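Since the structure comes first, as structure tokens, the remarks are kept for the end.
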Amino acid sequence: MLEELGIKRITLALPFRLNHVNCFLAEEDDGYKILDTGLHNEETKKIWDQEIEGKQITDIIVSHYHPDHFGYAGKLQEKTNAKVWMSEIDLEDALQAWEQPFLENLWENYHRAGIPDDISRALTENTAAFAPLVTPYPKVEHFLKEGDSLSFGKYAYEIIHTPGHSDGLVTFYNQEKSVLLATDHILPKITPNISYWFHGDPNPLANYLNSLEKIKKLDVEWVIPSHGDPFPNASKRIAEIEAHHDERLSSLKEMLKTGLNVYETMEKLFPKKLAVHDTRFAVGETVAHLEYLRLAGECKRELVDGVYIYQSY
């Protein structure tokens, strides 16, 4: 499938439980384009140095601002002088997500979530530790916009804004081959993390579910994801992901009958012992689901002694 599309997959290791990210390289008439870049670390540098040796890189496309996609874009731009493209929404998020003003607010947000001080400190430090893995920031002068067309390899793709996993995440759709470069919007074996990170749109889960419906209408035959292997039948996988979130929201409403803070809720939703990085994602996902229910009018939120308590009606 990838060879037919004129795309080469570059799989880079990640030091997390989700242990890899797929980036992509495609040849054009005037050079090569890259889609997503991995973290800025030594291993990523070595692989990209091998891949781009002797090649003219004209464009670097960033699907969204998360470190495993955005992190090496700035350094790669310095090496290649390529144009960098991403959505304007996610560029704004990228330029604040690891900076001091946001990190200073994290402590207060974690406190309101009922997270113990030692864990709050560890989560904040874990976020701050990404700064060297995402800098230098790229100079972005070209924005990916809904409905625009972008050539990548042998075909052109329509840019589709699919917020949820991030506010500005984009996917790339070619109708002729019925293929979606899905980035992190639809994954084959795990559900993409849908988190509220205390900035941006307050209801990422609602956005995500709407974005899934948007893609479902296209009835895509082949999905090429950023984690895992290409797989058929996007609509089938979308139905499975929707069922997962329905089940989680249903069980969450039951839990909230007694009234819980974010941290207590997270411990019930994710009962296994988690590493710090995974705990941060679990907190974000818990907040996203709680806020979805609250904004849908299915639970209330009250500030009690400086901590938010959620309770279903």
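The values are calculated or read from the model by the stated rules, or taken from the named source; none is laboratory data. This structure is a prediction, so every number in the text was calculated from the model and none was measured. Cβ sites come from the backbone with ideal geometry, for glycine too, and all protein chains shown count toward neighbours. Quick note on the areas: whole protein, heavy atoms, side chains included, nothing else; ligands and nucleic acids left out. Shrake-Rupley method; radii C 1.70, N 1.55, O 1.52, S 1.80 Å.
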* With respect to residue 168, is the statement that it is in a loop (DSSP other than H, G, I, E, B) and in contact with a Ser or Thr (Cβ under 8 Å, 6 or more places away or on another chain) true? -> yes
* Asked: Can you name every residue in region 33-86 that is closer than 24 Å to residue 167 by Cα and small (Gly, Ala, Ser)?
  -> 38, 63, 71, 73, 74
* Within region 144-171, restricting attention to residues that are at positive phi and in contact with a strand residue (DSSP E or B) (Cβ under 9 Å, 6 or more places away or on another chain), which residue is surrounded by the most Cβ atoms within 10 Å (Cβ to Cβ)? -> 153
* To do: Within region 29-47, count every residue that is modelled with pLDDT of 95 or more, under 23 Å from residue 1 (Cβ atoms) and not hydroxyl-bearing (Ser, Thr, Tyr).
  => 6
* **When residues of region 192-206 are limited to those that are of a type outside the set (A, V, I, L, M, F, W, C) and open to solvent by 40 Å² or more (accessible area, probe 1.4 Å), the one nearest to residue 107 (Cα to Cα)** => 196
* Please note which helices (runs of 4 or more DSSP H) are completely contained in region 208-313 and include at least 1 residues that are surrounded by 19 or more Cβ atoms within 10 Å (Cβ to Cβ), touching a strand residue (DSSP E or B) at 6+ places or on another chain (Cβ under 6 Å) and of a type in the set (A, V, I, L, M). => 234-255, 276-295
* Just one of (1) free of Cβ contacts under 8 Å to residues at least 24 places away in the same chain; (2) under 18 Å from the mean Cα position of the chain (by Cα) trips up residue 180, so point out which. => (1)
